[in-house]
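Everything below concerns the one structure shown next.
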Amino acid sequence: MPYTHNQDVKIYYEVEGQGPHLVLAHGTTSNLNAWRNYGYVDRLKNHYTLILYDLRGHGQTDKLHAVEAYHYHLQSSDVIAVLDTLQVDKSHFWGYSLGATIGLALAKDYPQRIRSLILGGSSPYSEARPLTELPSTSLQIMRKGVKEGANTVVQGVRERFGEITPHYEERLRSLDYQAQAALMEYLDYHLPRLEDVLQTTSLPCLAYMADDDDAFVSQVLDFLTKVS
């Protein structure tokens with residue numbers, strides 16, 4: 001199995017395709033297979049060598065229960081650990097949701113290792129809640145999941161988002177809820193603002209929020225062709 005380590009954290013990754021390297025980083029409650037399930041790998045693998053990895057707390061990567069284990073410096077260094085293992089000096093990076101936040105952290109911490117950034121479904125302008133403020137709905141759901149199990153999580157997500165696909169329900173049931181709660185507590189109360197990254201970086205950057213992902217992949221390919 002393709003694993004590497006970032007200090008004592010075991011990180012699972014897969015490599016597929018041909019051409020320049022492109023890291024794909026998924027969002028919260030997901031795993032690297034999301035890029036395959038939604039068709040991205042099939043569209044991209046003939047153009048790029050895709051490096052897919054499970055973020056800490058997800059998939060086959062270690063599930064950490066301490067809030068401080070999800071600091072963005074540590075999450076960006078996970079990407080570098082994978083690149084180092086593969087002996088890849090520089091790579092394009094595409095992150096969605098939490099993956100996009102990690103992309104911003106990479107631009108801040110390791111700009112020399114990144115060729116370009118594609119950032120979807122996220123914003124650098126989020127601000128940590130005061131500790132006295134109620135947690136987000138997502139964190140509340142995961143905390144209940146720790147105590148009550150998978151059915152509570154699935155029901156909570158349905159109440160928040162409406163009907164969910166069988167694939168998504170299966171993914172929700174497979175989560176380590178204590179790890180997810182720790183991650184979401186970090187995102188709620190400790191994640192710093194990162195807007196200074198976009199103001200200062202010289203990296204080519206494409207940010208998007210779209211409801212037609214299939215059409216958007218063509219735009220991403222055009223962007224990558226221009227900056228490769």
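Tell me which residues, restricted to segment 190-200, are in a helix (DSSP H, G or I) and surrounded by fewer than 17 Cβ atoms within 10 Å (Cβ to Cβ).
Hits for segment 190-200 are Glu195, Asp196, Gln199, Thr200.
What are the residues in segment 59-83 that are assigned to a loop (DSSP other than H, G, I, E, B) and out of contact with any helix residue (DSSP H, G or I) (no Cβ under 9 Å at 6 or more places or on another chain), if any?
Selection gives Gln60 alone.
Can you tell me how many residues within segment 114-159 are touching a Lys or Arg at 6+ places or on another chain (Cβ under 8 Å) and free of Cβ contacts under 8 Å to residues at least 12 places away in the same chain?
1
Please enumerate the residues belonging to segment 84-97 that are out of contact with any Phe, Trp or Tyr (no Cβ under 9 Å at 6 or more places or on another chain), at negative phi and either assigned to a loop (DSSP other than H, G, I, E, B) or open to solvent by less than 10 Å² (accessible area, probe 1.4 Å) (or both).
Across segment 84-97, the qualifying residues are Val88, Asp89, Lys90, Ser91, Phe93, Gly95.
Which of the residues belonging to segment 152-189 are hydrophobic (A, V, I, L, M, F, W, C), surrounded by 17 or more Cβ atoms within 10 Å (Cβ to Cβ) and out of contact with any Asp or Glu (no Cβ under 7 Å at 6 or more places or on another chain)?
Val153, Val157, Leu172, Leu175, Ala179, Ala181, Ala182, Leu183, Met184, Leu187
Only residues that are within 18 Å of Lys90 (Cα to Cα) and either surrounded by fewer than 16 Cβ atoms within 10 Å (Cβ to Cβ) or touching a Pro at 6+ places or on another chain (Cβ under 6 Å) (or both): list them for segment 17-37, please.
Gln18, Gly19 - these are the residues of segment 17-37 that are within 18 Å of Lys90 (Cα to Cα) and either surrounded by fewer than 16 Cβ atoms within 10 Å (Cβ to Cβ) or touching a Pro at 6+ places or on another chain (Cβ under 6 Å) (or both).
Out of (1) of a type in the set (Val, Ile, Thr); (2) open to solvent by less than 10 Å² (accessible area, probe 1.4 Å); (3) farther than 25 Å from Gly19 by Cβ, the odd one out for Ile118 is which?
Status for Ile118: all satisfied but (3).
Can you work out which of the residues in segment 38-55 that are more than 24 Å from Thr4 (Cα to Cα) and open to solvent by 60 Å² or more (accessible area, probe 1.4 Å) is modelled with the lowest pLDDT?
Looking at residues that are more than 24 Å from Thr4 (Cα to Cα) and open to solvent by 60 Å² or more (accessible area, probe 1.4 Å), I get Tyr38.
So that you can scan it fast, the table gives a plain yes or no per residue for (1) within 22 Å of Ser138 (Cβ to Cβ); (2) not in a loop (DSSP other than H, G, I, E, B):
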residue	(1), (2)
Arg36	no, yes
Val41	no, yes
Gly57	yes, no
Gln112	no, yes
Leu119	yes, yes
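For a quick check of your reading of the model, give me the residue pairs whose first member lies in segment 39-57 and is at positive phi, whose second is surrounded by fewer than 24 Cβ atoms within 10 Å (Cβ to Cβ) and small (Gly, Ala, Ser), with beta-carbon atoms closer than 7 Å and at least 6 apart or on different chains.
From segment 39-57, the pairs are Gly57/Ala179.
Please enumerate the residues belonging to segment 38-76 that are in contact with a Phe, Trp or Tyr (Cβ under 8 Å, 6 or more places away or on another chain) and among the hydroxyl-bearing types (Ser, Thr, Tyr).
Hits for segment 38-76 are Tyr53, Thr61, Tyr70, Ser76.
Considering only residues that are open to solvent by less than 50 Å² (accessible area, probe 1.4 Å) and assigned to a helix (DSSP H, G or I), look in segment 121-150 and name the one that is nearest to Ala179 (Cα to Cα).
Met142
Taking into account only those residues within segment 160-173 that are without any contact (Cβ under 8 Å) to a residue 24 or more places away in the chain and assigned to a helix (DSSP H, G or I), which is farthest from Asn33 (Cα to Cα)?
By that ranking, first place goes to Arg160.
The values are calculated or read from the model by the stated rules, or taken from the named source; none is laboratory data. Quantities reported herein were computed from a predicted structural model and do not represent experimental measurements. Quick reminder, even Gly has a Cβ in these numbers, built from the backbone with ideal geometry, and neighbours come from all protein chains shown. Note: areas computed on protein heavy atoms with side chains; ligands, DNA, RNA excluded. Shrake-Rupley method; radii C 1.70, N 1.55, O 1.52, S 1.80 Å.
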